[in-house]
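Working notes for the structure below.
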Amino acid sequence: MNLKIKKHHLICFFIVFQYINSNAQIKYITFSGIVFDATETLADVHIVNLNNKIGTISSTTGTFEITASIGDVLLVSSIQYKPLKIKITKDHLLTKKLNILLEPNVNKLDEVFLNGLTGDLSFDLANKPKETLPKHSFSFDRSQINKLGTDYTTDFSKAPDARRLTDPTAAGAGVGAGFSLPDRRLEAEKKLKKELKEDLKFPDKLKRKLGTSFFVNDLKISEDKIYNFINYCENRNIAKKFNENKLFEIIKILQEQSILYNEIQK
């Protein structure tokens, strides 16, 4: 009797082990797929698993890979296309393939007023604010040309320190001897620092330009996450577009990206 009981327990344990092991094996599976529309494959499409918050981006040929399990929901999002949600089912496990067809988003942008502008160029130009900067009082009298000093730009022999420029062995020659060549590395470093400084100012500039209410009310981004959201969208070159005054393109990108961003934040 004891032998039969032990054998029965052993069989039950084996069945439970196999069940647990099989579930563990199919919990997360790598799916491969391709994203396309009616005419071509689509690159740079975001595919995010909303359950484990893991995402990927389609390649230049539209292909991608992502891990998921039964019941997981994938959010597919791209500019100019309607966002799409896909729930992983047992049928997906049979092929491990996800072929995703996206529909173009033909919705028109809502009318946006920026700092009192109407969008009517002739009206806005006619009603532009008056210039408040003071006019310069500088004037140049052509009669002063003959009173200018000697021109050393084409004939260094006339320069006071000409020997120092042509003879490196002359006393006092070199840096600080009245003449020095520009340090291009220093100039490049200054230019880079200036660009980095402007990049740091960009989120604040964009927030002031569009207004806090646009992010909070229109995009449903909480006020404390506005800067984080702007940084999230920078892979779409919105800083460059801002410098090129392509504001309506930026608004379109922010509207599209806010859908994906808000889903990830849930």
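The values are calculated or read from the model by the stated rules, or taken from the named source; none is laboratory data. Small disclaimer: the values here were computed from a predicted structure and weren't measured. FYI the Cβ positions are ideal-geometry reconstructions off the backbone, even for glycines, and counts take in every protein chain you see.
What the table shows:
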| quantity | calculated |
| --- | --- |
| Condition met for Tyr232 (within 11 Å of the chain's Cα centre (by Cα) and of a type in the set (Phe, Trp, Tyr)) | yes |
| Any pair with Cβ under 7 angstrom, 6 or more apart, that starts in segment 27-53 at a residue that is basic (Lys, Arg) and ends at one that is not in a loop (DSSP other than H, G, I, E, B) | Lys53/Ile264 |
| Scan of segment 71-96 for residues that are free of Cβ contacts under 8 Å to residues at least 40 places away in the same chain and either part of a helix (DSSP H, G or I) or of a type in the set (Asp, Glu) (or both), ordered by number | Asp72, Lys90, Asp91, Leu94, Thr95 |
| Phe64 of a type in the set (A, V, I, L, M, F, W, C), surrounded by 10 or more Cβ atoms within 10 Å (Cβ to Cβ) and either more than 27 Å from the chain's Cα centre (by Cα) or at pLDDT below 90 (or both) | no |
| Residue, surrounded by the fewest Cβ atoms within 10 Å (Cβ to Cβ), within segment 242-266, restricted to residues that are in contact with a helix residue (DSSP H, G or I) (Cβ under 6 Å, 6 or more places away or on another chain) and not hydrophobic (A, V, I, L, M, F, W, C) | Glu249 |
| Selection count where residues are aliphatic (A, V, I, L, M) and part of a strand (DSSP E or B), scope segment 27-70 | 9 |
